[in-house]
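Asker: Would you mind keeping the following structure in view while I ask a few things?
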Amino acid sequence: LNCKISRDQYVTACGSVQQHVQRLNNLTDSASVNEIKIKYSNELRLDLYRHWTLMESLKHSPYTASRFRIWTSKGKKKLNEFLADMGLPLLQCNQNFQSMDMEIRREVCNWIEVTAQKYGLDDMCYGSFELQYGFKNKFCAGDVLQGVFAALTCPTLDTEAAFLRAQDTLSRSNEKLIYSGIEQSKTFSCSLLNQVQAFIDMKQVVCTGPFVYAVLQEGCAELEVFSHPARLLKLCRYLSEAYCATTRKAATLPFIIASALPLDPEYSCVVGVPPLAVDSNKSYLGRAFHQAADKVNAAVEFEDFEPGVMQIKSEDKAKFFDALTALLMT
């Protein structure tokens with residue numbers, strides 16, 4: 001979710017967990033109605049498709065949305081061609097996944113994996129795990145991750161309440177919370193796409209030379225949605241993928257987003273992510289933020305676990321970006 005490990009590290013960790021899963025599954029009572037079964041699976045890079053329609057998941061997953069450029073008319077047409085290539089009727093794609101024909105549900109993952117390569121979606125699948133509790137409540141790890149993230153970053157809860165809610169979301173006795181988190185995550189995914197499309201359509205993505213940046217202005221309709229730094233970081237990564245799909249050279253540059261804070265207009269939140277073309281999860285932006293802020297004596301606060309996240313006095317934002325540009329140019 002936060003791109004903190006490389007693909008190789010993920011594959012290694014996944015293999016290690018798979019061994020533990022196999023061992024624990026052998027200890028469970030397979031005859032029990034309340035049996036918990038976890039199995040390794042080849043998962044699609046489609047957000048929450050089991051709890052959504054296939055069409056909406058394809059439109060709102062950053063991986064497919066960016067590569068189809070779904071915010072354009074050509075992108076929408078290409079998505080329909082992708083579905084037609086698999087022989088999937090639009091009627092089926094626009095209804096809830098669990099309501100689709102059983103044969104289609106059973107085979108669609110294989111169809112997508114095969115057809116994806118034709119459309120340049122080479123990393124459409126990844127190794128993951130899915131959990132089955134009794135005869136219902138089937139979740140993949142990605143579903144749970146999205147639900148917990150939605151609870152943990154909920155803009156209407158304070159930090160402690162959000163943490164406790166996210167913790168309760170992981171409990172089997174609170175299955176309503178995970179479903180609630182999934183619904184919140186779907187709403188957030190729609191906000192992500194809307195804001196990325198707004199940035200691109202209104203040409204609000206600016207390349208200064210050493211980095212690319214965009215600004216969420218005060219009064220923006222989606223401002224409160226992205227008031228949590230983790231949500232703003234996710235928007236930044238999404239924008240990076242989407243913008244680089246249309247401007248290839250931007251893949252070598254870091255992306256930065258600044259957003260006004262709805263509860264404290266005197267301050268703005270600034271987040272940054274490393275270039276897409278850099279095969280590393282390490283970012284030098286945290287150190288660069290510190291140096292640029294010190295150079296112009298900007299009033300800043302670094303209170304997040306992420307090094308590339310800071311709060312800055314809104315009146316110091318312009319001179320901070322000037323200093324950051326000069327610093328990264330050297």
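Asker: With every protein chain kept in the model, how would you rank 67, 231, 165 by accessible area, 1.4 Å probe, largest at the top? Walk me through the numbers before you get to the answer.
Answerer: Working: 67 100, 231 15, 165 80 Å².
Largest accessible area first, the residues go 67, 165, 231.
Asker: To check you understand DSSP bridge types, tell me what percent of the beta bridges within the chain (both residues inside) are antiparallel, rounded to 5. Intermediate results must be reported in sequence, preceding the final value.
Answerer: Numbers: 29 of 34 bridges.
About 85 percent, rounded to the nearest 5.
Asker: Once the whole set of protein chains is in place, how much accessible area is left on residue 125, using a 1.4 Å probe, in Å² to the nearest 10?
Answerer: Looks like 20 Å² after rounding.
Asker: Hey, could you pull the Cα Rg and Dmax for region 172-221, both in Å?
Answerer: In order Rg, Dmax, the Cα atoms of region 172-221 give 16.4, 52 Å.
Asker: Then there's this: How would 133, 284, 63 line up by accessible area, probe 1.4 Å, largest first?
Answerer: So the residues, ranked largest to smallest area, are 284, 133, 63.
Asker: Can you pull the accessible area of residue 131 for me, 1.4 Å probe, Å² to the nearest 10?
Answerer: 60
Asker: Can you tell me the Rg and Dmax of region 188-260, counting just the alpha carbons, in angstroms?
Answerer: When restricted to the Cα atoms of region 188-260, Rg and Dmax are 11.4, 32 Å.
Asker: In whole Å, what are the extents of region 165-299 along the principal axes defined by its C-alpha atoms, from largest to smallest?
Answerer: For region 165-299, the Cα extents along the three principal axes come out at 51, 35, 32 Å.
Asker: Are there trypsin sites (Lys or Arg not before Pro) in region 244-330 that DSSP puts in a loop and that have at most 15 other Cβ atoms within 10 Å, and which ones? Intermediate results must be reported in sequence, preceding the final value.
Answerer: On the way: sites: 248, 249, 282, 287, 295, 313, 317, 319; in loops: 282.
Hits after loop and neighbour filter: 282.
Asker: I need the per residue convex hull volume for region 55-129, using only the alpha carbons, in cubic angstrom as a whole number.
Answerer: On the way: hull volume 7.4 nm³, N = 75.
Per residue, the Cα convex hull of region 55-129 comes to 99 Å³.
Asker: Mind checking which of 246, 261, 188 is farthest towards the positive end of region 118-273's charge dipole, using Cβ charges of +1 (Lys, Arg) and -1 (Asp, Glu) about the Cα centre?
Answerer: It is 246, whose Cα lies furthest towards the positive end.
Asker: Also: Ignoring everything except DSSP H segments at least 4 long, calculate the 222 nm mean residue ellipticity for the chain; use -39,500 (n - 2.57) per segment, divide by total residues, nearest 500. Before the final figure, lay out the partial values.
Answerer: Working: 12 runs with 157 residues, N = 330.
Theoretical 222 nm ellipticity from helices: -15000 deg cm²/dmol.
Asker: Then there's this: Averaging the inverse of every distinct alpha carbon separation and then flipping it gives the Kirkwood radius. What is it for the chain, in angstrom units? Show your work: numbers first, answer last.
Answerer: Working: mean 1/r = 0.0465 Å⁻¹.
Computed over Cα pairs of the chain, the Kirkwood hydrodynamic radius comes out at 21.5 Å.
Asker: How many Å³ per residue does the convex hull of the Cα positions in region 75-202 occupy? Mind showing how you got there, number by number?
Answerer: On the way: hull volume 19.2 nm³, N = 128.
Spelled out: Cα convex hull of region 75-202, divided by residues, is 150 Å³.
Asker: Do me a favour and compute the ellipsoid semi-axes for region 111-169 from its Cα gyration tensor, root of five times each eigenvalue, largest one first, whole Å.
Answerer: Values: eigenvalues 196, 60, 11 Å².
Working from the Cα gyration tensor, I get semi-axes of 31, 17, 8 Å.
Asker: Next question, about the same structure. Under the Kirkwood approximation applied to all pairs of distinct alpha-carbon atoms, what is the hydrodynamic radius of region 1-117 in Å?
Answerer: Computed over Cα pairs of region 1-117, the Kirkwood hydrodynamic radius comes out at 16.6 Å.
Asker: Quick one: accessible surface of residue 212, probe radius 1.4 Å, all protein chains present, in square angstrom to the nearest 10.
Answerer: Its accessible surface works out to 0 Å², give or take rounding.
The values are calculated or read from the model by the stated rules, or taken from the named source; none is laboratory data. Fair warning: this is a prediction, and the values are worked out from it, not measured in the lab. Reconstructed Cβ throughout: ideal geometry from the backbone, glycine too, with neighbour counts over all protein chains shown. When the accessible area is computed, the model is the full protein with side chains, heavy atoms only, and any ligands, DNA or RNA have been set aside. Shrake-Rupley method; radii C 1.70, N 1.55, O 1.52, S 1.80 Å.
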